[in-house]
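Engineer: Just passing along the structure, written as structure tokens.
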């Protein structure tokens with residue numbers, strides 16, 4: 001497929017940009033580029049076909065099964081899009097007067113209330129734009145809390161090795177030192193190791209629960225107790241909330257703050273740019289540190305206010321507001337019982353798929369899982385030379401998006417599956433049949449899998465070369 | 001089989017250590033580079049940075065994942081291998097030639113193992 005630059009023909013154009021009807025302003029000379037930018041020149045039909053071609057080469061949740069573990073690629077209902085497209089939501093400006101956007105403020109307020117109810121928190125900001133951004137915001141809450149009390153000794157954030165990879169990165173960004181705690185044989189946090197590393201320097205703990213092995217830590221109450229006893233705070237990485245929503249609440253497990261991924265759990269689109277939304281919830285004693293403008297309600301309606309000891313802005317205005325509209329639509333469509341049913345079915349689907357696959361592949365931690373599970377392909381690699389990468393690539397030929405590969409790092413040759421609740425038994429059965437077929441192929445013809453996929457527009461790009469010598473811009477030939 | 005030169009000492013976290021007088025040279029083992037796969041990025045400390053025994057001093061990125069590299073000794077970095085930073089493939093091609101850092105003023109050393117014991121450890125993990 002040709003690049004836009006290669007399809008360019010000098011003098012061809014399309015008239016999408018209207019003539020300028022505002023006064024011109026000339027930048028100072030040192031801010032102006034010396035030469036005109038050489039941009040591709042195409043007609044509208046060329047451009048339209050180019051992007052349609054590109055779209056045909058992608059795989060989204062509307063194309064087929066998408067069991068990308070840790071990402072919750074559930075189907076996003078059309079009604080969410082319809083609501084977000086309503087004029088009153090889509091055609092407003094963040095600087096409009098509060099009186100003229102009462103409906104939108106109500107959306108923010110009600111979403112916050114519902115998400116607080118689901119998580120067991122007292123207040124929530126919808127400003128963070130993504131999961132890791134939420135983590136960072138949550139850690140700043142912890143930081144502000146300790147510093148505000150004059151407690152400057154607390155510099156450590158404890159992160160178990162089964163946490164999301166973003167956890168240690170966010171903690172470092174927020175100015176903390178990361179202390180790693182290993183998992184025990186059951187895949188949970190090793191309590192003895194945890195007790196060894198806590199102390200007066202503990203600012204807090206970041207826990208991904210269920211963790212990246214798809215396991216709910218049975219010692220959760222003990223874990224939060226250990227942290228609280230030394231004066232630390234507990235942060236819940238709620239990225240895997242899809243497994244527990246409507247059933248248990250992080251607030252009841254002893255957590256002080258949490259982030260959610262609306263683009264995962266609450267069915268708003270993600271992948272390919274989202275945009276995402278990573279609300280951060282907290283208990284009462286942390287609410288004064290929340291960022292941005294919060295939405296309140298009194299007898300005159302909804303109003304915006306700045307929290308007393310706010311950390312400042314973590315993003316402009318109100319975050320990705322239209323994503324919030326979609327999430328609210330999703331929650332209201334499902335209702336209280338529906339939210340509970342969704343998490344139940346997510347767990348059921350994962351366990352059903354795991355039980356069928358374990359007759360062929362090894363399960364990393366062979367126990368009842370939550371919304372996702374991890375296969376360990378080390379044996380297949382040793383015996384047949386077929387790696388997790390080979391199996392993942394082979395599934396592309398069957399129109400299935402590969403599971404997450406080589407993650408979590410504590411499992412060798414890992415493949416992580418998350419079927420989500422929006423898939424039917426039939427779809428999961430078909431997918432299992434595909435992975436069984438790939439397994440059999442690995443026994444009879446491993447070579448075939450080394451070069452898979454065989455029927456995709458792109459087969460095996462040279463990933464090493466692409467990472468070592470990336471070509472990041474187009475070079476005109478003439 | 002992986003190469004594990006006899007004259008080197010090994011950490012269980014798959015780094016090798018060579019003592020050149022007062023200076024300790026640290027690199028990644030053959031087993032480590034093989035498990036990681038093609039390495040595409042190496043992140044090293046700066047000269048004069050302190051490293052601590054058992055703690056991460058940098059990371060290597062392969063097409064699979066990013067992994068920490070741990071220091072077997074406590075001391076001060078006196079030299080880093082710029083060649084490896086420019087061309088990370090060297091770690092795959094010649095893991096015992098492509099050292100990562102040189103550490104001086106060594107005050108503490110982790111318990112390290114010899115090549116035979118390390119080979120057994122790799123066999124077990126593999």
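The values are calculated or read from the model by the stated rules, or taken from the named source; none is laboratory data. Keep in mind it's a predicted model, so treat the numbers as computed, not measured. Neighbour counts are summed over all protein chains in view; Cβ atoms, including those assigned to glycine, are modelled from backbone coordinates with ideal geometry.
Engineer: Of all the residues that make up region B:90-103, how many are within 14 Å of chain A (Cβ to nearest Cβ) and either closer than 16 Å to residue B:11 by Cβ or surrounded by 15 or more Cβ atoms within 10 Å (Cβ to Cβ) (or both)? Break it down stepwise before answering.
Structural biologist: So in region B:90-103, the residues within 14 Å of chain A (Cβ to nearest Cβ) come out as B:90-93.
Imposing the further condition that a residue be either closer than 16 Å to residue B:11 by Cβ or surrounded by 15 or more Cβ atoms within 10 Å (Cβ to Cβ) (or both) reduces the set to B:90-92.
So the count comes out to 3.
Engineer: Out of all the residues in region A:165-177, is one or more outside any helix (DSSP H, G or I) and crowded, with 18+ Cβ neighbours inside 10 Å? Break it down into steps so the answer makes sense when it comes.
Structural biologist: Keep residues of region A:165-177 that are outside any helix (DSSP H, G or I), which gives A:165, A:174-177.
Still in the running and crowded, with 18+ Cβ neighbours inside 10 Å: A:174, A:176.
Yes.
Engineer: Sort out which residues of region A:193-213 are more than 26 Å from residue A:152 (Cα to Cα) and assigned to a helix (DSSP H, G or I), and write them in order of number.
Structural biologist: Within region A:193-213, none qualify.
Engineer: So, one more: With over 14 Å from the mean Cα position of the chain (by Cα) and touching a residue at least 12 places away in the same chain (Cβ under 8 Å) as the only criterion, which of B:46, B:53, B:32, B:98 stands out?
Structural biologist: Details: B:53 fails: over 14 Å from the mean Cα position of the chain (by Cα); B:32 fails: over 14 Å from the mean Cα position of the chain (by Cα); B:98 fails: over 14 Å from the mean Cα position of the chain (by Cα).
Result: B:46 is the single residue among B:46, B:53, B:32, B:98 that is over 14 Å from the mean Cα position of the chain (by Cα) and touching a residue at least 12 places away in the same chain (Cβ under 8 Å).
Engineer: Only one of (1) within 14 Å of chain B (Cβ to nearest Cβ); (2) outside any helix (DSSP H, G or I) fails for residue A:465. Which number is that?
Structural biologist: The number of the failed condition is (2).
Engineer: Which is surrounded by 19 or more Cβ atoms within 10 Å (Cβ to Cβ) and either under 22 Å from residue B:34 (Cβ atoms) or away from every other protein chain (no Cβ under 14 Å) (or both), of B:77, B:106, B:85? Write out each step before concluding.
Structural biologist: On the way: B:106 fails: surrounded by 19 or more Cβ atoms within 10 Å (Cβ to Cβ); B:85 fails: surrounded by 19 or more Cβ atoms within 10 Å (Cβ to Cβ).
Step by step, each of B:77, B:106, B:85 is checked, and only B:77 is surrounded by 19 or more Cβ atoms within 10 Å (Cβ to Cβ) and either under 22 Å from residue B:34 (Cβ atoms) or away from every other protein chain (no Cβ under 14 Å) (or both).
Engineer: Restricted to region A:130-151, and to residues that are part of a loop (DSSP other than H, G, I, E, B) and in contact with a helix residue (DSSP H, G or I) (Cβ under 9 Å, 6 or more places away or on another chain), which residue is farthest from residue A:210 (Cα to Cα)? Spell out the reasoning first.
Structural biologist: Kept after step one, since they are part of a loop (DSSP other than H, G, I, E, B), are these residues of region A:130-151: A:130, A:149-151.
Next cut, in contact with a helix residue (DSSP H, G or I) (Cβ under 9 Å, 6 or more places away or on another chain) only: A:130, A:151.
Numbers: A:130: 19, A:151: 31 Å.
Among them, the one singled out is A:151.
Engineer: Here is a list: B:22, B:38. Which entry is in contact (Cβ under 8 Å) with a residue 40 or more places away in the chain, away from chain A (no Cβ under 14 Å) and more than 12 Å from the chain's Cα centre (by Cα)? Can you show your working first?
Structural biologist: Values: B:38 fails: away from chain A (no Cβ under 14 Å).
Result of the check over B:22, B:38: B:22.
Engineer: Looking at residue A:58, is it in a loop (DSSP other than H, G, I, E, B), more than 17 Å from the chain's Cα centre (by Cα) and on the phi < 0 side of the Ramachandran plot?
Structural biologist: The answer is yes for residue A:58.
Engineer: Out of region A:413-427, which residues are surrounded by fewer than 20 Cβ atoms within 10 Å (Cβ to Cβ), touching a residue at least 60 places away in the same chain (Cβ under 8 Å) and outside any loop (DSSP other than H, G, I, E, B)?
Structural biologist: If the condition is that a residue be surrounded by fewer than 20 Cβ atoms within 10 Å (Cβ to Cβ), touching a residue at least 60 places away in the same chain (Cβ under 8 Å) and outside any loop (DSSP other than H, G, I, E, B), then A:425, A:427 are the ones that fit.
Engineer: What's the total number of residues in region A:468-478 that are in a loop (DSSP other than H, G, I, E, B) and within 14 Å of chain B (Cβ to nearest Cβ)?
Structural biologist: Taking region A:468-478 first, the residues in a loop (DSSP other than H, G, I, E, B) are A:469-478.
Then drop every residue that is not within 14 Å of chain B (Cβ to nearest Cβ), which leaves A:469-470.
So the answer is 2.
Engineer: Could I ask something else about it? What residue, of A:38, A:33, A:49, is free of Cβ contacts under 8 Å to residues at least 24 places away in the same chain, assigned to a loop (DSSP other than H, G, I, E, B) and surrounded by fewer than 16 Cβ atoms within 10 Å (Cβ to Cβ)?
Structural biologist: Numbers: A:38 fails: free of Cβ contacts under 8 Å to residues at least 24 places away in the same chain; A:49 fails: assigned to a loop (DSSP other than H, G, I, E, B).
Among A:38, A:33, A:49, only A:33 is free of Cβ contacts under 8 Å to residues at least 24 places away in the same chain, assigned to a loop (DSSP other than H, G, I, E, B) and surrounded by fewer than 16 Cβ atoms within 10 Å (Cβ to Cβ).
Engineer: Hey, another quick one. Could you tell me whether region A:428-451 includes any residue that is in a loop (DSSP other than H, G, I, E, B), within 14 Å of another protein chain (Cβ to nearest Cβ) and either closer than 30 Å to residue A:241 by Cβ or free of Cβ contacts under 8 Å to residues at least 60 places away in the same chain (or both)?
Structural biologist: Going through region A:428-451, the residues in a loop (DSSP other than H, G, I, E, B) turn out to be A:445, A:451.
Next, only the ones that are within 14 Å of another protein chain (Cβ to nearest Cβ) stay: none.
Checking region A:428-451: not a single residue is in a loop (DSSP other than H, G, I, E, B), within 14 Å of another protein chain (Cβ to nearest Cβ) and either closer than 30 Å to residue A:241 by Cβ or free of Cβ contacts under 8 Å to residues at least 60 places away in the same chain (or both).
Table: residues versus (1) in contact with a helix residue (DSSP H, G or I) (Cβ under 6 Å, 6 or more places away or on another chain); (2) in contact (Cβ under 8 Å) with a residue 60 or more places away in the chain.
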position	(1), (2)
A:356	yes, yes
A:365	no, yes
A:369	yes, yes
A:375	no, no
A:379	no, no
A:383	no, no
A:388	no, no
A:392	no, no
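So that you can scan it fast, the table gives a plain yes or no per residue for (1) in a loop (DSSP other than H, G, I, E, B); (2) under 29 Å from residue A:365 (Cα atoms):
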site: A:153; (1), (2): yes, no
site: A:215; (1), (2): yes, yes
site: A:227; (1), (2): no, yes
site: A:235; (1), (2): no, yes
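Engineer: Among the residues of region A:16-29, is there at least one that is within 30 Å of residue A:131 (Cβ to Cβ) and loosely packed, with under 10 Cβ neighbours inside 10 Å? Steps first, please.
Structural biologist: Going through region A:16-29, the residues within 30 Å of residue A:131 (Cβ to Cβ) turn out to be none.
The answer is no; no qualifying residue exists.
Engineer: Hey, does region B:112-126 have a residue that's within 14 Å of chain A (Cβ to nearest Cβ), touching a helix residue (DSSP H, G or I) at 6+ places or on another chain (Cβ under 6 Å) and modelled with pLDDT of 95 or more?
Structural biologist: Checked region B:112-126: no residue is within 14 Å of chain A (Cβ to nearest Cβ), touching a helix residue (DSSP H, G or I) at 6+ places or on another chain (Cβ under 6 Å) and modelled with pLDDT of 95 or more.
Engineer: Separate question: Just checking, how many residues over region A:362-412 are part of a helix (DSSP H, G or I), touching a strand residue (DSSP E or B) at 6+ places or on another chain (Cβ under 6 Å) and more than 13 Å from chain B (Cβ to nearest Cβ)?
Structural biologist: Here the count works out to 0.
Engineer: Would you tally the residues in region B:44-63 being away from every other protein chain (no Cβ under 13 Å) and either out of contact with any strand residue (DSSP E or B) (no Cβ under 8 Å at 6 or more places or on another chain) or surrounded by 14 or more Cβ atoms within 10 Å (Cβ to Cβ) (or both)? Quick ask: steps written out before the conclusion?
Structural biologist: Just the residues of region B:44-63 that are away from every other protein chain (no Cβ under 13 Å), to begin with: B:44-51, B:53, B:57-58.
Restricting the remaining residues to those that are either out of contact with any strand residue (DSSP E or B) (no Cβ under 8 Å at 6 or more places or on another chain) or surrounded by 14 or more Cβ atoms within 10 Å (Cβ to Cβ) (or both) gives B:44-45, B:49-51, B:53, B:57-58.
Residues that pass the stated criteria total 8.
Engineer: For region A:67-98, name all the residues that are touching a strand residue (DSSP E or B) at 6+ places or on another chain (Cβ under 8 Å) and assigned to a helix (DSSP H, G or I). Spell out the reasoning first.
Structural biologist: Looking only at region A:67-98, we keep the residues that are touching a strand residue (DSSP E or B) at 6+ places or on another chain (Cβ under 8 Å), and these are A:67-71, A:98.
Result: A:98, single match.
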